Amino acid sequence: MNSHPAIILSHVCKDYANGLRVLEDINLSIQDAQFVSLVGPSGCGKSTLLRIIAGLGRLTTGQLCWGTQTAPRKLAFVFQDAALMPWATVQDNVGLPLKLARTSKSVATAAVAEALAMVDLQGFEQCYPQQLSGGMKMRVSIARAMVTKPEILLMDEPFGALDEITRSKLNTELLGLWTQKQWTVVFVTHNLYEAIYLSNRVVVMAAHPGRIVADVAIEVPYPRPPEFRASTVYSAYCRTIAQYLAAGTAQP
Ligand SMILES: Nc1ncnc2c1ncn2[C@@H]1O[C@H](COP(=O)(O)OP(=O)(O)OP(=O)(O)O)[C@@H](O)[C@H]1O
């Protein structure tokens, strides 16, 4: 694996206008092609941190750098809600970022077809969002992120609203795509089981103020078959991370 840093956060703090300190001294260096999950209790600032990385929110103090690059890298963001345009077909939803970038029609058509094939949605190009299941909508949302060929994929609870079986299936599919594309992924989730299955590293946060309390390397090679979830190694990681989460939420 390439070991250049892709995202470096140094001493990042974030205060909202109401005086609330949401993030306190966040130091995090994420390598190229790493899959890093942020887990922590509700309100610990996971989304705030992801939005700062995406450039959707400003940090108050500290620094965000892009490894060896001077400019922000090519980013894509996937939200918990698939956020599709209900009046547009699957094809038009996926093609939206290319339309906004004024990409030529022939290039866009080919890129959309490739992205839909990657999420196994060929044949659904002319469907509307209301004709799709929750899992299919999320696949469309992932295809819309992939169509721009990002280097960095930021995902905010993308599978949080899905049932367990669909979530687990999409976890496996996402890992398959990541293995091919080698994006740098920052993945926010409440679900430590999902985080351990997917990630090279699980960063555990605590709240009030939001801070990092542990950074656990998941030293299990890829590909990770679904059976990994039933292994003793997996259970040991679950125990360790659950302990960090519990310690982070303990009342003083
Ligand atoms: N625009 C805002 N103004 C003031 N406070 C805010 C704003 N946005 C978020 N917050 C507060 O910042 C804290 C962190 O919110 P954030 O959404 O980042 O947490 P989170 O860990 O992602 O939570 P969840 O897991 O529930 O989505 C919360 O206390 C929230 O109320």
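All of the numbers you see were taken from the coordinates with simple rules; none came from a lab. In this text, all values refer to a predicted model and were calculated from it rather than measured experimentally. For neighbour counting, all protein chains shown are included, and Cβ atoms are generated from backbone atoms with ideal geometry for every residue, glycine included.
Data for the structure
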read-out: Label-point separation in nm, Leu56 to Leu177, each point 7 Å along Cα→Cβ; value: 1.6
read-out: Volume of the Cα convex hull of the range 1-104, divided per residue and given in Å³; value: 168
read-out: DSSP-defined beta bridges in the range 1-160 - what % are antiparallel, rounded to 5; value: 75
read-out: Paramagnetic reach from Asp15 (point 7 Å along Cα→Cβ, amide N under 13 Å) across the range 41-63; value: 60-62
read-out: Ratio Rg/Rh, restricted to the chain and using Cα atoms, in which Rh is the Kirkwood radius; value: 0.97
read-out: For the range 74-150, size of Cβ-based charge dipole, Lys and Arg +1, Asp and Glu -1, in debye; value: 280
read-out: Approximate spin-label separation Val213-Lys169, in nm, with each point projected 7 Å along Cα-to-Cβ; value: 3.6
read-out: Listed residue pairs exceeding 27 Å between alpha carbons, taken from Lys46/Lys149; Lys46/Lys99; Lys46/Lys74; value: Lys46/Lys99
read-out: Unit Cα scatterers, Debye sum, the range 74-150: log10 I(q)/I(0) for q = 0.12, 0.14, 0.15, 0.21 Å⁻¹; value: -0.27, -0.36, -0.42, -0.85
read-out: Whole-Hz ³J(HN,Hα) from phi, Karplus 6.51 cos²θ - 1.76 cosθ + 1.60, for the range 17-22, glycine and proline x; value: 4, 7, x, 6, 8, 9
read-out: Amide H within-cut-off set for Ala6, under 5 Å, with H built and near neighbours excluded; value: Ile30, Gln31, Asp32
read-out: Near-label residues of the range 183-206 by backbone N, under 13 Å of a point 7 Å along Cα→Cβ of Asn27; value: none
read-out: The chain: relative contact order as a whole-number percent, Cα under 8 Å and 6+ apart; value: 26
read-out: Surrounding net charge for Asn93, when Lys and Arg each add one and Asp and Glu each subtract one, Cβ distance under 12 Å; value: +2
read-out: Alpha carbon Rg of the range 143-199, scaled by the compact-globule rule 2.2 N^0.38 Å; value: 1.08
read-out: Relative contact order computed over the range 150-195 (Cα-Cα under 8 Å; 6+ residues apart), in percent; value: 61
read-out: Residue among His11, Gln243, Thr103 farthest towards the positive dipole end of the chain, charges placed on Cβ; value: Thr103
read-out: Distant-in-sequence amide H partners of Gly45 (H built 1.01 Å from N, under 5 Å); value: none
read-out: Simple Cβ-charge dipole of the chain, Lys/Arg +1 and Asp/Glu -1, about Cα centre, in debye nearest 20; value: 440
